[in-house]
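K.L.:
Structure below; questions to follow.
The values are calculated or read from the model by the stated rules, or taken from the named source; none is laboratory data. Every value quoted in this text rests on a predicted model; they were computed, and no experiment measured them. Note: ideal-geometry Cβ built from the backbone for every residue, glycine included; neighbour counts use all protein chains shown.
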Amino acid sequence: MMDADNKKGGPYISRTEIFSSPRVGLLIVAAGLVVRLAIIIFIRGEPFISDAEDYDQMAYNLLSGRDFIPWFPPLVPIHLALFYRIFGSGFLIGRASMLVYYLALCFGLRRISRTFMGETTSNLALFIFAFYPSFIYYSITPLTQLPTGALLLISLYLGTRAIQKPSVLSWTLLGLFLGLLSLARPSSLILTAALPIGAAYLSGRTWSAGIAALISFALIFTWCMKASEVSGYFTFINKYNNVNFFRGNNPYTPLYKTWIFGSRTDRLAPEGYRRMVKSIRAFPSEEEEKQYAKHALSHIFGRPDLFLVRTANRARAFFAMDTFLGGFLIKSKGAGKTFGFSLILLDNVFYFFIACFSILAFLGPPREEEGYNYLKILGLISIFLYAAPYWISFSHPTYHAPITPILALFACDMLARAAKANGATFRQKLTSLLPAGRKKRIAALLLLLLFVYIQVEWVYIMADRI
């Protein structure tokens, strides 16, 4: 083929080389923006629903200056309020404002992959998130999944760079982005504390973690003062934290579907659950949150066996396939089943690739590139500490969205390296994806089988809902 191409007047260029061009990455990001803008224009009058409606209302409360109870994490409402003040309010502005986080996610993907992995990895990752149906939805709807994913990814990059090239600026930026991450999802507080400690330990400058922690908690404290001012009593970030802990840990919480009371179904809940909630709500607002935590802890210590079963189920549900978007469009928006199931299929083609290839990547050997090894360590820390709080409260497959970009980088890097193996046969390229050593290959096989089991279990349990 090389000779034939040369006779036509030009050198042979492989598909891999074409996909390694920096321009391709920019074109992919532009295509993703065009897709999102077209959808925003098409649904411009469509009102927000569920959590997006609540974030929108909280943004108006912030703009009005009146007192209110900050039930929800503040980052997305503050973001919406800023855009509404500058550009005017409305669903169109609210949806378009979320494109900032799509661009932030693309920046994080491109920055990490070009620094530690390569241009091909960058373009593969950008391609996935440009056309990943759920991530298109998250980038045109005011929800926390995309802001959290973008902030988590950029924090991972800053943490790795702080190890390699420590400076006051790098630690300050790390603290800033981790502080914003906690304001997007307060469940990230453990990660906000642990990531700088891990980075400082690996860099040999343990004192540097203090800079990041100071910036993060100054940002969080500033919002807490504002939240306390508008609510009339001390509020730590938002009010729903203990409520969610209670919803996932009470005598009526299902063993697998632990999210059920967080899905706006209190009116369909058992009578005993509704009586418990009513008795808690009878307390003054400043005492109500404590009562939710008290009831949850009482149930956990009273029935530790059920807590352990639910925790195992929550961990598996966290990594199950996400069928929300396709199911939502079919049931709530009248979309045809063919269209809805096509979105579910495309969502999970991307997810299965990301999950399976990232398992192989994390079990791979250390590399000569020191930065890549630091990235892998901090990536694993970030994934575990982000996910763990959901394993003790309540869990759902949509909650794995923020860690998906981290997993995708390692998955895309595995594929890019296999594709670039010069002179290798297809079989050799496949073999190159496997971890070295019998024990690691067995571990990879077991993890892949567990992943498949989780998906089969989810389909079986949710068959009537998908």
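K.L.:
For the stretch 254-266, state whether one or more residues are β-branched (Val, Ile, Thr), closer than 27 Å to Phe319 by Cα and over 24 Å from the mean Cα position of the chain (by Cα).
P.N.:
So in the stretch 254-266, the residues β-branched (Val, Ile, Thr) come out as 258, 260, 265.
Right, trim to closer than 27 Å to Phe319 by Cα and you get 258, 260, 265.
The next check asks that each one be over 24 Å from the mean Cα position of the chain (by Cα); those that pass are 265.
Yes, the conditions are met somewhere in the stretch 254-266.
K.L.:
A follow-up question, please. Please verify whether Leu109 is over 25 Å from Arg367 (Cα atoms) and of a type in the set (A, V, I, L, M), treating the condition exactly as stated. Even if it seems obvious, please write down each step before you answer.
P.N.:
Values: over 25 Å from Arg367 (Cα atoms): no; of a type in the set (A, V, I, L, M): yes.
No: the conditions fail for Leu109.
K.L.:
Return yes when Pro196 is of a type outside the set (Ser, Thr, Tyr) and closer than 27 Å to Ser155 by Cβ and no when it is not.
P.N.:
Judged against the criteria, Pro196 is a match.
K.L.:
Here is a list: Pro166, Pro142. Which entry is more than 30 Å from Leu63 (Cα to Cα), assigned to a loop (DSSP other than H, G, I, E, B), touching a residue at least 12 places away in the same chain (Cβ under 8 Å) and not aromatic (Phe, Trp, Tyr)? Working first, answer last.
P.N.:
Details: Pro142 fails: more than 30 Å from Leu63 (Cα to Cα).
Unique residue meeting the criteria: Pro166.
K.L.:
Here's something else I'd like to know. Quick one: Phe72 ticks every box in (1) under 23 Å from the mean Cα position of the chain (by Cα); (2) modelled with pLDDT of 95 or more; (3) of a type in the set (Phe, Trp, Tyr) bar one, so which box is it?
P.N.:
(2)
K.L.:
So, one more: Residue by residue through the stretch 159-169, note down the ones that are out of contact with any Gly (no Cβ under 9 Å at 6 or more places or on another chain), modelled with pLDDT of 90 or more and either closer than 17 Å to Ser113 by Cα or hydroxyl-bearing (Ser, Thr, Tyr) (or both).
P.N.:
Ala162
K.L.:
Of the conditions (1) surrounded by fewer than 20 Cβ atoms within 10 Å (Cβ to Cβ); (2) in a helix (DSSP H, G or I), Phe234 clears all except one; give me its number.
P.N.:
(2)
K.L.:
Looking only at helices (runs of 4 or more DSSP H) that fall completely inside the stretch 374-466, which ones have 2 or more residues that are in contact with a Ser or Thr (Cβ under 9 Å, 6 or more places away or on another chain) and modelled with pLDDT under 95? Working first, answer last.
P.N.:
Numbers: elements: 404-419, 426-432, 438-461.
In the stretch 374-466, the matching helices (runs of 4 or more DSSP H) lie at 404-419, 438-461.
K.L.:
Check whether at least one residue in the stretch 186-208 is in a helix (DSSP H, G or I), within 17 Å of the chain's Cα centre (by Cα), closer than 30 Å to Arg23 by Cα and not polar (S, T, N, Q), and report yes or no. Full working, then the answer.
P.N.:
Within the stretch 186-208, the first condition is being in a helix (DSSP H, G or I), and the residues that meet it are 186-203, 208.
Filter once more, keeping what is within 17 Å of the chain's Cα centre (by Cα): 186-192, 195.
Then keep just the ones that are closer than 30 Å to Arg23 by Cα; that gives none.
Within the stretch 186-208 (the criterion being in a helix (DSSP H, G or I), within 17 Å of the chain's Cα centre (by Cα), closer than 30 Å to Arg23 by Cα and not polar (S, T, N, Q)), the answer is no, since none of the residues qualifies.
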